[in-house]
1. What number of residues in segment 88-97 are in a helix (DSSP H, G or I) and among the polar types (S, T, N, Q)?
2. Any residue at all in segment 98-110 that's closer than 14 Å to Ala136 by Cβ, among the charged types (D, E, K, R), modelled with pLDDT of 95 or more and outside any helix (DSSP H, G or I)?
3. Can you find even one residue in segment 93-103 that is surrounded by 14 or more Cβ atoms within 10 Å (Cβ to Cβ), within 30 Å of Gln22 (Cβ to Cβ) and of a type in the set (A, V, I, L, M)?
4. Could you check Asp74 against (1) loosely packed, with under 15 Cβ neighbours inside 10 Å; (2) within 17 Å of the chain's Cα centre (by Cα); (3) part of a loop (DSSP other than H, G, I, E, B) and say which number it fails?
5. I'm trying to understand the selection: among the residues of segment 2-37, which are modelled with pLDDT of 80 or more and either farther than 22 Å from Val146 by Cβ or out of contact with any Asp or Glu (no Cβ under 8 Å at 6 or more places or on another chain) (or both)?
6. Which of the residues belonging to segment 66-78 are hydrophobic (A, V, I, L, M, F, W, C) and within 19 Å of Glu142 (Cα to Cα)?
7. Select from segment 27-61 the residues that are over 22 Å from the mean Cα position of the chain (by Cα) and assigned to a helix (DSSP H, G or I) and write down the one among them that is surrounded by the most Cβ atoms within 10 Å (Cβ to Cβ).
8. Would a scan of segment 79-87 turn up a residue that is without any contact (Cβ under 8 Å) to a residue 60 or more places away in the chain, closer than 15 Å to His141 by Cβ and not in a helix (DSSP H, G or I)?
Amino acid sequence: MKKMAVVVGVLLLGSGAVMANQKLAVSQDNFMRGLAKSLYDVLGKMARGNIPYDQAAVDAAIAQIEADVPKIPDTFKDNPKEDVAGGHYGASQKVWQNKADFDSKVPPVIKAVASVKGTVKDVGSLKVAFKTIEDACNGCHETYRVKLK
């Protein structure tokens, strides 16, 4: 009976850890999806002409990116040790193997966002701003993001 209780206890603890890891992975994924929504679904689609230009939406998206990018190091402070079930992208284990380098990728993005803030007035200037921010983001994605599907 004691052995059964130990086995059940170990299984419960293990499943709790898996659920906690999945919750952390989902939280990180949701955070990055929020950034992607502002960058790609708003700025990128407008820059490509897929949706109409909307100055208020541009300003809101840039403000959201500006607010969220500095939170990246804290968002990825802990390693969930697994990817989001069914996710398309995930964080490489390199994030936690070289956390200082990962964190060093954030200031260039902050600088890129600051450099374009207030400069976007039309589709032409939006294209420049979008490319500036996207290029800065890709500096991290190339090393620290993995395609799952």
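The values are calculated or read from the model by the stated rules, or taken from the named source; none is laboratory data. Quantities reported herein were computed from a predicted structural model and do not represent experimental measurements. Cβ sites come from the backbone with ideal geometry, for glycine too, and all protein chains shown count toward neighbours.
1. Let us first name the residues in segment 88-97 that are in a helix (DSSP H, G or I), namely 94-97.
Now narrow it down to the ones that are among the polar types (S, T, N, Q): 97.
Matching residues across segment 88-97 total 1.
2. Yes - at least one qualifying residue is present in segment 98-110.
3. Step one: list which residues in segment 93-103 are surrounded by 14 or more Cβ atoms within 10 Å (Cβ to Cβ), which gives 94-96, 98-99, 102-103.
Those still in the list that are within 30 Å of Gln22 (Cβ to Cβ) too: 94-96, 98-99, 102-103.
When the remaining residues are screened for being of a type in the set (A, V, I, L, M), the result is 95.
Looking for residues that are surrounded by 14 or more Cβ atoms within 10 Å (Cβ to Cβ), within 30 Å of Gln22 (Cβ to Cβ) and of a type in the set (A, V, I, L, M), one finds at least one in segment 93-103, hence yes.
4. Just one mismatch for Asp74, condition (3).
5. Scanning segment 2-37 gives Lys23, Val26, Ser27, Gln28, Asp29, Asn30, Met32, Arg33, Ala36, Lys37.
6. Just the residues of segment 66-78 that are hydrophobic (A, V, I, L, M, F, W, C), to begin with: 67, 69, 72, 76.
Scanning segment 66-78 gives Val69, Ile72, Phe76.
7. If we take residues in segment 27-61 being over 22 Å from the mean Cα position of the chain (by Cα) and assigned to a helix (DSSP H, G or I), then Gln55 is surrounded by the most Cβ atoms within 10 Å (Cβ to Cβ).
8. Checked segment 79-87: no residue is without any contact (Cβ under 8 Å) to a residue 60 or more places away in the chain, closer than 15 Å to His141 by Cβ and not in a helix (DSSP H, G or I).
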